[in-house]
Amino acid sequence: MAIQFNFVSSMLILVLLSISSVEGQGGGGGGVIDVVARFGAKADEKTDLSKPLLDAWKEACASTSPSKIVIPKGIYFLSTATLDGPCKAPIELQVQGTVKAPADPGAFKEPKWIAFNRIENFKLSGGGVFDGQGTTAYKREGCKGHDYCGSLPINLRFDFLTNAMIQDITTKDSKQFQANVLGCKNITFEHFTVSAPDESPNTDGIHIGRSDGVNVLNSEIKTGDDCVSIGDGSKNLVINGVTCGPGHGISIGSLGLFKNEEPVDGVTVKNCTMTNTSNGVRIKTWPGAEPGTCSNIHFEDITVTNVSSPIIIDQKYCPWNKCKINEESKVKLSNISFKNIHGTSARPEAVKIICSATLPCENVELADIEITHSGPTGPAVSQCSNVKPKVSGKQNPAACSAPIPAKPTLPLNQ
């Protein structure tokens, strides 16, 4: 993992050096493109930024030398925008202001607000804010009795990018996922801020799927769902220095629901802090559905404070009771470690490792676990099923020492 991370970092540094040379350029392509000065964008919260931004992007994308598009300070309205590649040279989009989405969910024809598509050597920066204005959508009107509305727009979509840096950017109050990463290779989020209320449903901070070499570094995520969720086909991921809460923790999955899911392989979550979350570090797979694999997963140096389920493998994941709960998961889990995880649990079940009876978890390690619980139902407990973990260092609660109840306690939030 370290080799992969260092290589990715080196590649990104080269990209950023090439982009930083833009400042001194001008004339025949490239240089700095100010959407206000050049294309008449207005920071009046009502004039649509879409055309000025797309015009600036068209010019930058056609340039054979690096370009920087600047959205200056101010508050802008943007109906929607898809910024397509491939482009001829590196591009930086520097957002200094606040960009607001339509508040009405009905204004969107597709489940996206701003999308970046098939771009190589791209940087999004500037300290700006993307405000999805999702409060109305959180009521989930017309969502057929559960809290998932697939047609709602995602604030930021990153689709099929190669060598990208998302740095010093805030996304807030998205109507669905805050950021979605699909089919990307070598993309880093650094000093990325997510802000949404804990009652905002299905607002995963960063959802990652079918991508290779994703880094989430030194970022703060507050949302109503998983702070980071990792879907099938994800490999060589590093999540380091993330603070999470409120939210549902850092989750791999859910896996095994759909046909032809790709393996998850190589995820390191390190130096992260979870506060007042429903889960800490979690792997979740559906029972009785489709086959898959998840391997080489490492959770290390994690601090949990008042977290309902600090350590959890749940191969009976069944939100809204829409599953074959009496069947076993067909997703094979192997080479998984939980090391130096400490803090406090909001419920007695501090450690819960529930694996598949037909495909038991293999090579699971618990090392230096120190999680306490104080409450009327007793001290913290550790429950295991269909797994024989390797245990080392301090274990509080004692590893796998508590029986599994006939009706296991369900997570507070799915």
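Structure notes:
- For the chain, the longest principal axis of the alpha carbon atoms and the long axis of helix 50-62 meet at an angle near 80°.
- Carbon and sulfur %, accessible surface of the chain computed with the full protein complex present, 1.4 Å: 52 percent
- Segment Asp55-Ala357, extension gain: residue separation times 0.36 nm, minus the distance between their alpha carbons: 103.0 nm
- Two-site label geometry, Glu262 and Arg118: point separation in nm, points 7 Å out along Cα→Cβ: 1.7 nm
- In the context of the full protein assembly, Arg38 retains an accessible surface of approximately 120 Å², using a probe radius of 1.4 Å and ignoring ligands and nucleic acids.
- Full extension of the segment from Thr82 to Thr136, taken as 0.36 nm per residue of separation minus the current Cα-Cα distance, would add 17.1 nm.
- What the Cβ-Cβ distance of Asn335 and His191 gives, at R0 = 35 Å and to the nearest 0.05, is a FRET efficiency of 0.70.
- Once C-alpha pairs closer than 8 Å and six or more residues apart are averaged by separation and normalised to the residue number of the range 200-329, the relative contact order reads 21 percent.
- Burial ranking of peptide ranges 70-79, 162-171 (average Cβ count within 10 Å, highest at the top): 162-171, 70-79
- Within the chain, the longest run free of GluC sites (Glu not before Pro) that sit in a DSSP loop with at most 15 other Cβ atoms within 10 Å is 200-326.
- Charge dipole of the range 147-207 (Cα centre as origin; +1 on each Lys and Arg Cβ, -1 on each Asp and Glu Cβ, all else neutral): 260 debye, rounded to the nearest 20.
- 11 Å beta-carbon shell around Cys184, net charge (K/R +1, D/E -1): +1
- For the chain, the relative contact order is 8 percent, taking Cα pairs closer than 8 Å that sit 6 or more residues apart in sequence and dividing their mean separation by the residue count.
- With each label modelled as a point 7 angstrom along the Cα→C-beta vector, the Asp301-Trp320 pair spans 4.0 nm.
- FRET efficiency, Lys42 to Asn271 (Cβ-Cβ, R0 60 Å, nearest 0.05): 0.90
- Gain in span if fully extended, Val391 to Ser151, counting 0.36 nm per residue against the direct Cα distance: 81.9 nm
- Simple label model, 7 Å out from Cα along Cβ direction - Ser401 to Lys109, nm: 6.2 nm
- The chain: proportion of alpha-carbon pairs further apart than 33 angstrom, %: 34 percent
- Simple Cβ-charge dipole of the chain, Lys/Arg +1 and Asp/Glu -1, about Cα centre, in debye nearest 20: 500 debye
- Helix content alone sets the calculated 222 nm mean residue ellipticity of the chain: runs of n ≥ 4 DSSP H residues at -39500 (n - 2.57) each, divided across all residues, give -3000 deg cm²/dmol.
- Here the range 224-352 is treated with +1 on each Lys and Arg Cβ and -1 on each Asp and Glu Cβ, and its dipole about the Cα centre works out to around 200 debye.
- Compared with the dominant Cα axis of the chain, that is its longest principal axis, helix 2-20 is turned about 20°.
- Summary of the geometry: the range 324-355 and the range 76-97, compared by the centres of their Cα atoms, lie 40 Å apart.
- A DSSP coil position with no more than 10 other Cβ atoms inside 10 Å describes the following trypsin sites (Lys or Arg not before Pro) in the range 251-282: Lys259.
The values are calculated or read from the model by the stated rules, or taken from the named source; none is laboratory data. Computed from a predicted model, the values in this text were never measured in an experiment. Please note: Cβ atoms are built from the backbone with ideal geometry, for glycine as well, and neighbour counts cover all protein chains shown. Each accessible area value is taken on the protein alone, full model and side chains, heavy atoms only, with ligands, DNA and RNA left out. Shrake-Rupley method; radii C 1.70, N 1.55, O 1.52, S 1.80 Å.
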